[in-house]
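See structure below.
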Amino acid sequence: MKYKIEILNTKSETNSKFQIPNSKPSPSGRGGMVRCQWVRVVWILAFLICFEVGSLRLDVARAAWAITGEEIIKKVDANMTFKTARTEAKMVIHVDQEIREKTMIGYDRGTDTGYAEFLTPPRDKGVKYLKIKDNMWMYLPSVDKIIKISGAMLRQSLMGSDFSYEDALESSKLLEKYTATLISEEVVPLTFREAGELVAKQRRCYVVDLTAKVKDVTYYRRVVYVDKELFVPAREDLYAMSGKKLKEMTMGDVRKFGARHYPLYMTMRNLLRANSQTEMFTTKIEFDVAVDPKVFTQGNLTK
Amino acid sequence: MNLQPETKNKQITVKFQQSNSKLFLVFLFLVISYFTVFGFGLFVISSAQALEFSGYYENDLIGLVKKEGTPGIADFNKLRIKADHYFTDKFMLHVEPRYYLLAASEAMPLASANDLDQLKFDRAYFKLYSNAANLTLGKQRIAWGSGYIWNPTDIFNPFVLAFAVREEDTTNVTAVRVEAPLGEAGGLDAYIVGDKPWEQTAKGLRVKNTVGLFDLAASYVDQGTLGHQFGLDVGGDIIKDVGVHCELALKTTAEGGAFIQSVWGLEYTFDNGLGLNIEYYFNGRGAKNKADYDWAALSIGTLDQLAADYLYIGTTAIINEITTFKTSVLANLNDQSWMFYPVYSRNIAQNWDLNLEAMVLGGPDDSEFVPPAVWDPNGFGRSKMAQVKLTYNF
């Protein structure tokens, strides 16, 4: 996309140079005609040069991108998905100068099954969520009742954060709903933990455009910035069909677990709300641990 | 009696052995006592560590203007403690004592203003977990159905002003309840209410499962001498972002009659985050003409709603992550009376919540929300109430 914009800009500039002499002919008659012809020649040459250089750059880019957008997303999925995982996390919600903290534990199985339980603060203690494929339920201890989170509720805020229930549900199966196109490369900051300290590094990332190929998606377009070397997403911008940017997500604190790199820090900003941001700190994570299948049942919600 | 020395020795030996046995028994008793006391102490200490407390303190400042213009003020204090004690991983005790104190210049239409100025245990039950089923024994909340305001399949709380009343203040029952999972998202739920003789007590059974994007449940309740109830409730998505729910109950009466109650609901969230919740309720036991209202049944609690057709429209606007604004309108479609209940909520600090709430009742005379004077001695009909609620959660 960036490359295309460059070409368009070049055309635009040359067009304007070409039009200005024609629109205001030189008062000196023949001299003006000669100058005009020269300008045409210069313009044609410039156009050819631009075109050739552009083609050359395109070829270089294509050669450099010996990988497609789909392959990149598949590599990200391979890195970010697991058989099972157990996590402990802290959610920090910023609204203006106010800060709210929530802690939780979670279990995941594959890409479409998950369980989460809030431990603090007291008002949210014991609230549990269960996700099985496209269904999600919430257990409220005050009612002692399991409530299905239906389509309408999915867009709403998850426990007062910038995440929606749908963000939790739609984290997987991107390629089933989106067409992935590699559009450019950019340098994006990504944090790593070195000697106990978080260090931001400028990392070269693939920029992959995900455009919805089905109607039932919350975000019509997603632009994902994927670390070229580690295949970890560093940033994701989420757009509505109108083109309006709805949310911004960043990731960081990338650590190595065996052969996989995994980010333990995430931020989400809902741009429809002023001055709010949610940080998610994964304080503990264990991959491919034995998890009792009963954890992922509605029976477990009422325990 | 003269005894031979041998016999005497034997007796001494026997006595000695007897006294030894007694000493041994005393020693054994002391040892057992010691270990019992020590073990109990350890158990108490470890139990204390397993005891979990939470709860809240809420202060409501209330102002009311009654139908005839009489003003009233009140201060309502609510303290609720929720304690969970895990004897083992699979056996726990939950108790929920609460103490409510109301100081009011006038009678107030507060749904939770019962059993004031005394310690009450709203919930107190033992729960036993096993792989096959969970067993709950004691005073507990049993909430069935998919409706928001109306739950005709729930015989304990068929009608709750959910936008105005805390869930903790709804009716609890003393019962034995068994919940058995059937697969990942299915289950069987059965209860027997335990405070009446068998012939009179309620016995319920509910089976639920998930099919596609829908939760389906079928239920049956034997209400003893009060009749029977067959129920069905469904909740899910018909199309993207449009949630629907439906609850249907066919009820028979002790007199041999039958009627239907049903709820039809729809939820939608707009792109700007505004949530819309609409519910229509058909009450087969209600009257379409206000002249036929059974006010007596309503006053003694054998009837929950007077009319046949009701509509609820609720909106939720999330201003930011800690601030929401909700409006609720409950309308009686038969007599055109209504209730309007806006709520502004803000989580003002990590464990502090502030709610500004109001309730306005309106409609024609002798309607449900503007009742005849004889059925509204406190003059709540067409009244206006405002509340400032401050809650500390711990």
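Please go through the stretch B:379-394 and pick out each residue that is surrounded by fewer than 18 Cβ atoms within 10 Å (Cβ to Cβ) and of a type in the set (Ser, Thr, Tyr). Even if it seems obvious, please write down each step before you answer.
In the first step, residues of the stretch B:379-394 are kept if they are surrounded by fewer than 18 Cβ atoms within 10 Å (Cβ to Cβ); the result is B:384, B:386, B:388, B:390, B:392, B:394.
B:TYR392 - this is the single residue of the stretch B:379-394 that is surrounded by fewer than 18 Cβ atoms within 10 Å (Cβ to Cβ) and of a type in the set (Ser, Thr, Tyr).
In this structure, is A:LEU238 within 14 Å of chain B (Cβ to nearest Cβ), surrounded by 21 or more Cβ atoms within 10 Å (Cβ to Cβ) and assigned to a strand (DSSP E or B)? Before you say what the answer is, go through the steps one by one.
Numbers: within 14 Å of chain B (Cβ to nearest Cβ): yes; surrounded by 21 or more Cβ atoms within 10 Å (Cβ to Cβ): yes; assigned to a strand (DSSP E or B): yes.
For A:LEU238, the condition - within 14 Å of chain B (Cβ to nearest Cβ), surrounded by 21 or more Cβ atoms within 10 Å (Cβ to Cβ) and assigned to a strand (DSSP E or B) - is met.
Out of curiosity, is B:ASN320 farther than 28 Å from A:LYS133 by Cα, without any contact (Cβ under 8 Å) to a residue 12 or more places away in the chain and touching a strand residue (DSSP E or B) at 6+ places or on another chain (Cβ under 7 Å)? First the steps, then the outcome.
Values: farther than 28 Å from A:LYS133 by Cα: yes; without any contact (Cβ under 8 Å) to a residue 12 or more places away in the chain: yes; touching a strand residue (DSSP E or B) at 6+ places or on another chain (Cβ under 7 Å): yes.
Taking the combined requirement at face value, the residue satisfies it.
Tell me the residue from B:PHE340, B:PHE282 that is under 22 Å from B:GLY227 (Cα atoms), at pLDDT 95 or above and not small (Gly, Ala, Ser), please. Full working, then the answer.
Working: B:PHE340 fails: under 22 Å from B:GLY227 (Cα atoms).
When all the criteria are applied, what remains is B:PHE282.
What about B:VAL343, is it under 21 Å from B:PHE163 (Cβ atoms) and either surrounded by fewer than 17 Cβ atoms within 10 Å (Cβ to Cβ) or of a type in the set (A, V, I, L, M) (or both)?
On the way: under 21 Å from B:PHE163 (Cβ atoms): yes; either surrounded by fewer than 17 Cβ atoms within 10 Å (Cβ to Cβ) or of a type in the set (A, V, I, L, M) (or both): yes.
Here the answer is yes, as B:VAL343 does meet what is asked.
Residues A:ARG204, A:ARG193: which one is away from chain B (no Cβ under 14 Å) and either farther than 28 Å from A:TRP65 by Cα or touching a His at 6+ places or on another chain (Cβ under 8 Å) (or both)?
Numbers: A:ARG204 fails: either farther than 28 Å from A:TRP65 by Cα or touching a His at 6+ places or on another chain (Cβ under 8 Å) (or both).
The unique qualifying residue is A:ARG193.
Can you list the helices (runs of 4 or more DSSP H) lying wholly within the stretch A:124-219 that have 3 or more residues being under 17 Å from the mean Cα position of the chain (by Cα), without any contact (Cβ under 8 Å) to a residue 60 or more places away in the chain and surrounded by 15 or more Cβ atoms within 10 Å (Cβ to Cβ)?
Details: elements: A:151-154, A:165-169, A:174-177.
Fully inside the stretch A:124-219 and qualifying: A:165-169.
Filter the stretch A:109-126 down to the residues that are aliphatic (A, V, I, L, M) and facing chain B (nearest Cβ under 9 Å) and list them by number.
The first filter runs over the stretch A:109-126 and keeps only residues aliphatic (A, V, I, L, M), leaving A:116, A:119.
Hits for the stretch A:109-126: nothing passes.
Only residues that are under 15 Å from the mean Cα position of the chain (by Cα) and within 11 Å of chain A (Cβ to nearest Cβ): list them for the stretch B:123-145, please.
B:ARG123, B:TYR125, B:THR136, B:GLN140, B:ARG141, B:ILE142, B:ALA143, B:TRP144, B:GLY145, listed by residue number.
Quick check: is even one residue across the stretch B:176-192 in a loop (DSSP other than H, G, I, E, B), within 12 Å of another protein chain (Cβ to nearest Cβ) and closer than 30 Å to B:VAL388 by Cα?
no
Let me confirm something: among B:GLY147, B:GLY236, which residue is under 22 Å from A:GLY299 (Cα atoms), assigned to a loop (DSSP other than H, G, I, E, B) and not β-branched (Val, Ile, Thr)? Spell out the reasoning first.
Values: B:GLY236 fails: assigned to a loop (DSSP other than H, G, I, E, B).
Only one candidate qualifies: B:GLY147.
Can you report the number of residues in the stretch B:154-196 which are touching a residue at least 60 places away in the same chain (Cβ under 8 Å) and closer than 22 Å to A:LEU301 by Cα? Before the answer, list the steps.
Of the residues in the stretch B:154-196, the ones touching a residue at least 60 places away in the same chain (Cβ under 8 Å) are B:155, B:158-159, B:161, B:163-164, B:168.
If we keep only those that are closer than 22 Å to A:LEU301 by Cα too, we end up with B:168.
Number satisfying all stated conditions: 1.
Return the residue satisfying two criteria in turn: it lies in the stretch B:105-122 and is of a type in the set (D, E, K, R) and out of contact with any helix residue (DSSP H, G or I) (no Cβ under 9 Å at 6 or more places or on another chain), and of such residues it is surrounded by the fewest Cβ atoms within 10 Å (Cβ to Cβ). Full working, then the answer.
Step one: filter the stretch B:105-122 for residues of a type in the set (D, E, K, R), giving B:106, B:115, B:117, B:120, B:122.
Remaining after also requiring out of contact with any helix residue (DSSP H, G or I) (no Cβ under 9 Å at 6 or more places or on another chain): B:106, B:115, B:117, B:120.
Details: B:GLU106: 15, B:ASP115: 12, B:ASP117: 9, B:LYS120: 13.
The extreme case among them is B:ASP117.
Would you confirm whether or not the stretch A:262-270 contains a residue that is free of Cβ contacts under 8 Å to residues at least 12 places away in the same chain and more than 14 Å from A:PHE192 (Cβ to Cβ)? If you could, list the steps in order and put the result at the bottom.
Pass one, the stretch A:262-270, residues free of Cβ contacts under 8 Å to residues at least 12 places away in the same chain: none.
Checked the stretch A:262-270: no residue is free of Cβ contacts under 8 Å to residues at least 12 places away in the same chain and more than 14 Å from A:PHE192 (Cβ to Cβ).
The values are calculated or read from the model by the stated rules, or taken from the named source; none is laboratory data. Here the structure is a predicted model, which means the values were calculated and not measured. All Cβ positions, even for glycine, are placed from backbone atoms using ideal geometry, and neighbour counts span all protein chains on display.
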